[in-house]
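Any read-out appearing in this document is the output of simple, stated calculations on the displayed coordinates, not a laboratory observation. Fair warning: this is a prediction, and the values are worked out from it, not measured in the lab. Here Cβ is always computed from backbone atoms with ideal geometry, including for glycine, and neighbour counts include all displayed protein chains.
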Amino acid sequence: MLRRTLLAGLAISTALVAGAVRAQDGIDIVYIPKNTGNPYFDSLVAGFTDACAELGCTFSQAAPATAEATSQIPFVTAQIQRQVDVIAISPNSPDALNQVLDRARERGILVLAVNGDLVGNESHRDAAILPVDFTVTGPGQVELLGSMIGYEGQIAILSATTDAPDQNTWIAAMVDALANDPKYANMELVTTVYGDDDPQKSTTEAEALLQAYPDLRGIISPTTVGVAAAAQVIQSAGAADRIALTGLGTPNQMRPFIKDGTVQAFQLWSPYNQGWLAAHLAVAARNGELELAPGTTFEVPNLGAVSIGENNVINTQAELTTFDASNIDDFDF
């Protein structure tokens, strides 16, 4: 049974689709997250695990300790040597993995980008399972923060690593929205800093923001590690009355900060559903029952009809889910 991690906005069915595809010949799927110790990926792994229990595939995960651009390369190499059927990866770089992923595909391994894509290098993977249309993520974050600060004042961004392809896509869209939408004319982006998806470095960077910019009105942190670290810093400094924080976080991480008023609202999607969808896609493709091509539509139990878009991108849900005091207790992941 699916856990209570399915977010609003999905076309959800309460029963499995009749005749659901099952894995043939023991399909072996491995998932390589960005790094260990990030609770965000626990829910995504749970989606893979539950789906493989339903489908009869074998699932495992392996991850580097840090989210550096090249840290996943030896893990991909190890899976090539294992001769797995499917490598699903949340890439730490848009281009550092190109050669090793090409080697995997040459060996007949299906390569799926999950939760982030190889931006500008999509030809080095077979398909990408993204949370939402990433073009709406950055502007959505700017709008949410703007609504909290009256669309006026200095703001900063606390991101993951400098190479993180998904965060960089969102940040570019934030910068564009701030520069070109008259609604945000009185909001000034003073800096973008990087916490490397490390709790301590993210904390240090957040503390530095508060010290360097005494007039700072808001922070956007589009990474679960960073937004939780920034919330802790703002809470400890007693600065919630003057500095608004939003970003992308999990409900379980951010619940205490919503409850005590440190954070008004933040956004995310269902990581669980990405793992669930990726496993179903992988098994159907490996079985030869699904063509990975734009325009293809297939049924996924509990998610309904899912379509493959341009560059073989599949969006798991239509829109970001916003969490605040009114709904935070409705979710557990």
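Assorted remarks:
- Share of alpha-carbon pairs per 10 Å distance bin for the range 156-221, given as whole %: 20, 49, 29, 2
- Toward the positive end of the charge dipole of the chain, with +1 on the Cβ of Lys and Arg and -1 on the Cβ of Asp and Glu, the farthest Cα among Leu303, Met187, Gln141 is that of Leu303.
- Local electrostatic count at Phe59 - Lys and Arg +1, Asp and Glu -1, tallied over other residues with Cβ under 12 Å: -4
- Convex hull volume of the Cα atoms of the range 167-263, normalised per residue: 100 Å³.
- For the range 225-253 versus the range 260-316, the gap between their alpha-carbon centres in whole angstrom: 29
- Sequence-distant lysines (8 or more away, or on other chains) whose Cα lies within less than 23 Å of Lys201: Lys34
- Within the chain, percent of DSSP bridges classed antiparallel, to nearest 5: 20
- Its Cα centre serving as origin, the chain has a Cβ charge dipole (Lys and Arg +1, Asp and Glu -1) of approximately 480 debye.
- Note on Ala239 and Lys183: with the Förster distance fixed at 25 Å, the Cβ-Cβ geometry gives a FRET efficiency of about 0.50.
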